[in-house]
Amino acid sequence: MVTLTAPENLETTLDSFSVDLAGSPVRELNQALHNAVDGQSWTVANPEGKHSLAVGIDARVSVTINGHAGYYAAGMHQKGDVTINGNAGVGLAENIMSGRVHVKGDASQSAAATGHGGLVVIDGNASARCGISMKGVDIVVGGNIGHMSAFMAQAGRLVVCGDAGEALGDSIYEARIYVKGTVASLGADCIEKPLKEEHLAELGELLAAAGRTDNPADFKRYGSARNLYHFSVHNSTSY
């Protein structure tokens, strides 16, 4: 038997749970999700842009949020699946470790920031700093991304099926970026790189995992020129 610290208006059917946030605080929803066990399915109604929805999940559960989510939805995510049938605010899936987060609409700034693993899918557009300091997460954006995306991206893959804003991949390390549309400008030490068979294969897998049918051959690849890896005396200041 599962012990749940849950909102008063929690409805259950076997391993399926439904929570209406119109009359329940977010704290109680998150506590219930922290107490959840593998295999459970959760549905959240009337999120109304509330912040920090479904954060800190650490079980293989499925959570569907029917509406718009505010800041830091599905932050610190592990193992489970979170689907947002709407838009998401700043910091979507921040520091995601594993699992999957899927936004059917648009996402605001800093989506999947510092993510270590897992897959984040955004069907619409993502704003500035998408994938900033990513450390292994995979991100697939169906639309456009804003400026300074993948800034200091260390590892992982960022796939953009639309256009990318200014300073893409600024100070990038070893993350891989794939863009189907145009790039406004590349950041420091980010360059276009050859799209080889291995890249076409991994890009095809990422697109399929995101439920997309785009042709991998239509994309360009970007990554680090590795010029910032080494000290150069010409970049120093003499006194």
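From the list ALA112, ALA54, the lone residue that is under 11 Å from the mean Cα position of the chain (by Cα) and either over 29 Å from ALA175 (Cβ atoms) or small (Gly, Ala, Ser) (or both) is ALA112.
Considering THR64, THR43, the condition of being closer than 24 Å to ARG212 by Cβ, open to solvent by 30 Å² or more (accessible area, probe 1.4 Å) and not in a loop (DSSP other than H, G, I, E, B) is satisfied by THR64 alone. Where the second residue is open to solvent by 30 Å² or more (accessible area, probe 1.4 Å) and basic (Lys, Arg) and the first is under 18 Å from GLY105 (Cβ atoms) and part of a loop (DSSP other than H, G, I, E, B) and lies in segment 122-140, which pairs have Cβ atoms under 7 Å and are six or more apart or on separate chains? Final answer for the pair search is ASP123/LYS104. When we screen VAL101, VAL37, VAL55, VAL90 for residues that are without any contact (Cβ under 8 Å) to a residue 60 or more places away in the chain and not in a loop (DSSP other than H, G, I, E, B), the only hit is VAL101.
Taking the criterion of being farther than 16 Å from VAL101 by Cα and either β-branched (Val, Ile, Thr) or open to solvent by less than 50 Å² (accessible area, probe 1.4 Å) (or both), the residues of segment 46-61 that qualify are PRO47, GLY49. Each residue in segment 192-219 was checked for being in contact (Cβ under 8 Å) with a residue 60 or more places away in the chain and either in a helix (DSSP H, G or I) or not aliphatic (A, V, I, L, M) (or both), and 6 of them qualify.
Does segment 71-83 contain at least one residue that is assigned to a loop (DSSP other than H, G, I, E, B), hydrophobic (A, V, I, L, M, F, W, C), more than 16 Å from GLY162 (Cα to Cα) and more than 12 Å from the chain's Cα centre (by Cα)? Looking through segment 71-83, none of the residues is assigned to a loop (DSSP other than H, G, I, E, B), hydrophobic (A, V, I, L, M, F, W, C), more than 16 Å from GLY162 (Cα to Cα) and more than 12 Å from the chain's Cα centre (by Cα). Could you go through segment 69-77 and let me know if any residue there is open to solvent by 20 Å² or more (accessible area, probe 1.4 Å), touching a strand residue (DSSP E or B) at 6+ places or on another chain (Cβ under 7 Å), under 21 Å from ALA36 (Cβ atoms) and not polar (S, T, N, Q). No, segment 69-77 contains no residue that is open to solvent by 20 Å² or more (accessible area, probe 1.4 Å), touching a strand residue (DSSP E or B) at 6+ places or on another chain (Cβ under 7 Å), under 21 Å from ALA36 (Cβ atoms) and not polar (S, T, N, Q).
The values are calculated or read from the model by the stated rules, or taken from the named source; none is laboratory data. Just so it is clear, the model here is predicted, and its values are computed rather than measured. We place every Cβ from the backbone using ideal geometry, glycine too, and count neighbours over all the protein chains shown. All accessible areas refer to the heavy atoms of the entire protein, side chains included, with ligands and DNA or RNA removed. Shrake-Rupley method; radii C 1.70, N 1.55, O 1.52, S 1.80 Å.
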